[in-house]
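Peer 1: Shown below is the structure under consideration.
The values are calculated or read from the model by the stated rules, or taken from the named source; none is laboratory data. Computed from a predicted structure; not experimentally measured. For neighbour counting, all protein chains shown are included, and Cβ atoms are generated from backbone atoms with ideal geometry for every residue, glycine included.
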Amino acid sequence: MILSNFKAFPRIGRLVGIDWGARRTGVAVSDESHEFVFARAPIVSDTPQDLLNAILHIVNSEKIVGIVIGLPLWMDGAESETTAMVRKFAEELSTRTDVPIMFIDETLSSTAAQEQMGRVRVRDIKEKLDSESARLILENAIALIGREFAY
């Protein structure tokens, strides 16, 4: 199920963050307490079905209780063609799992991730940037979850 806010999102348990890409998708996973977030190797997929299967494998094997997907928006908040593809992916994923799914604005996550990576080789950027972006997406979502429950 795709939720509209973090109020019903799990406060305890492992979460997965996803930075969707048509070919390479970044992935990060939290610990159960949401204190730590770890970037994982990106998923390289040839078809949307391959990506869905890979995400579902992570959800099942790591006992994931919540999925956070970065939503690519324009700087003014408008949606793009990519936004529609991410929403379509999330809808398909929601038909294959009961784990709640939330979107979070991922504007500038790749830029911030690259800045945090510092000076690295171009090859390293290509290999690690997507999952570093997923890590930032998940860390931002965890901060929002904490704020939702602080009040």
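Peer 1: Among residues belonging to the stretch 12-31 that are under 13 Å from L138 (Cα atoms) and charged (D, E, K, R), point out the one that is surrounded by the most Cβ atoms within 10 Å (Cβ to Cβ).
Peer 2: D19
Peer 1: Please verify whether the stretch 55-74 includes one or more residues that are modelled with pLDDT under 95, farther than 16 Å from G17 by Cα and not in a loop (DSSP other than H, G, I, E, B).
Peer 2: yes
Peer 1: Next question, about the same structure. Which of the residues spanning the stretch 6-54 are modelled with pLDDT under 95 and touching a His at 6+ places or on another chain (Cβ under 8 Å)?
Peer 2: Correct list: R11, I12.
Peer 1: Could I ask something else about it? Could you grab the pairs with beta carbons closer than 8 Å, sequence gap of 6+ or different chains, first residue in the stretch 62-85 and touching a residue at least 60 places away in the same chain (Cβ under 8 Å), second one exposed (fewer than 13 other Cβ atoms within 10 Å of the Cβ) and of a type in the set (A, V, I, L, M)?
Peer 2: Matching pairs, first to second residue: M85/A22.
Peer 1: Of the residues that sit in the stretch 6-24 and are closer than 18 Å to E81 by Cα and of a type in the set (G, A, S), which one is farthest from the chain's Cα centre (by Cα)?
Peer 2: Ranking the candidates gives A22 first.
Peer 1: Looking for whichever is surrounded by 17 or more Cβ atoms within 10 Å (Cβ to Cβ) and not β-branched (V, I, T) here; the options are L71, L56. Which one fits?
Peer 2: It is L71.
Peer 1: Also, I was wondering about something else. Inspect the stretch 112-121 for any residue being modelled with pLDDT under 95 and buried (at least 17 other Cβ atoms within 10 Å of the Cβ) and give the result as yes or no.
Peer 2: yes
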